[in-house]
């Protein structure tokens, strides 16, 4: 998988997680996710954000490398 | 137990033709003008990528049949009566939300920037005196304020033209130092193309920014006034 496809997939998953866990209607329900689960996912989300940023930097560096 | 994926209008013809968790049939529970998109479930779905995608697939299938308000992942109720009661007591807000999102989708935008925050290049200052220390920290907080102002101005220049093409929007500036803007837009389906054209122009006009637009999504960020039809949140028990 090339880097930009990988990056897009990651951003899409990140945006989906951001929505499905943190937005949407809250019914008076037993939300069955524990705080620990949510925290774990958000640690994962942070890792995803950094991985997007890292990929971006890698891309920028590569572009600079090519142009020089 | 019953798992709830979304709320839709009660006049949709049928439940979406898609399998829910545990390969169960998806059905509708109707209550005075609104309906819940549900399926029976034996045990709590784990929070993993496959299950998140399954929840999303059911919501998107329902979205093809009528307006939907997506429900937060992990919502379980005891039985169909409990579902009916849960949507009936907030019928007014849910119906208003459904009218608002009808014919509209959500687009997400994440804008990254590379700013020179000055910290990396600044040599470590050993504060020789209290006065030097104060001057240094004053200078640092001035730089932080300056960066914040610059970010807000740039974020506004991106956000405004896009928000003008949307029925509603949300916007966060600098929620991490690299993330200039995190925004969501509620856009008429017929305006999506115009929105993307505007985004393309903004991308060309701002070559130093990296823009990531995803969607169309179900209107997760626009389910109610003030960011959620949150009633009696008994989450995290």
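Read the figures in this text as sums done on the coordinates, not as results from a lab. Keep in mind it's a predicted model, so treat the numbers as computed, not measured. Virtual Cβ from ideal backbone geometry, glycine too; neighbours counted across all protein chains shown.
Quick look at the values:
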item	result
Calculated FRET value between residue A:4 and residue B:128, using beta carbons and R₀ = 41 Å, to 0.05	0.25
Mean Cα-pair separation over length for the range B:1-152, i.e. relative contact order, pairs under 8 Å, 6 or more apart, %	26 percent
Rg and Dmax of the range B:138-188, Cα atoms only, in Å	13.0, 47
Sequence of B:91, B:160 once ranked by neighbouring C-beta atoms within 10 Å, starting from the fewest	B:160, B:91
Percent of Cα pairs exceeding the 21 Å cut-off, where the set is the range B:1-97	23 percent
Full-extension gain in nm, residue B:141 to residue B:53, via 0.36 nm per residue minus C-alpha separation	27.4 nm
Cα centroid separation, the range B:12-55 to the range B:152-167 (Å)	36 Å
Label point distance in nm, residue B:1-residue B:148, each placed 7 Å from Cα along Cα→Cβ	4.3 nm
Peptide B:64-75 - average C-beta neighbours from other chains (10 Å radius)	5
Cut-off 11 Å (backbone N to label point 7 Å along Cα→Cβ of residue B:64), residues of the range B:1-37	B:16-19
Label-point gap, in nm, between residue B:80 and residue B:14 - each point 7 angstrom along Cα→Cβ	1.7 nm
Nearest 10 degrees, 0 to 90: helix B:192-205 Cα axis against chain B principal axis	10 degrees
Angle between chain B longest axis and helix B:49-63 axis [Cα atoms, degrees, rounded to 10]	60 degrees
Extension gain from residue B:46 to residue B:196, taking 0.36 nm per residue of separation minus the Cα-Cα distance	50.5 nm
Three-way shape label, chain B, alpha-carbon gyration tensor, a/c 1.5	prolate
